[in-house]
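The values are calculated or read from the model by the stated rules, or taken from the named source; none is laboratory data. Quick caveat: nothing in here was measured; it's all calculated off a predicted structure. Glycine also receives a Cβ, built like all others from the backbone with ideal geometry; neighbour counts cover every protein chain displayed.
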């Protein structure tokens, strides 16, 4: 798993915003225009494009727009959870049960 972004738990799905940023930089090298006209073409603000280029989180709608501009599926930068590291779920109850019917509402 490369580029764990939002947390340190590899058992949870994540998105590789650093790899997205690298792809954006590669695409920008072929375009002599500035960031503002490129952002207009993509359909996002230049500040969002700047954030994405810096590897920061942007909303899912902006990620979709950026991936369409890049010509890649959104899933390209998806980091799957490593479920082999997951602890067994629901092995016991965390609910405390009271003794007798008088404690129930």
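Miscellaneous remarks
- Residue count for region 43-67, restricted to those that are farther than 15 Å from residue 78 by Cβ, under 13 Å from the mean Cα position of the chain (by Cα) and in a helix (DSSP H, G or I): 3
- In the set 72, 40, only one residue is under 23 Å from residue 13 (Cβ atoms), modelled with pLDDT of 95 or more and over 15 Å from the mean Cα position of the chain (by Cα); that residue is 72.
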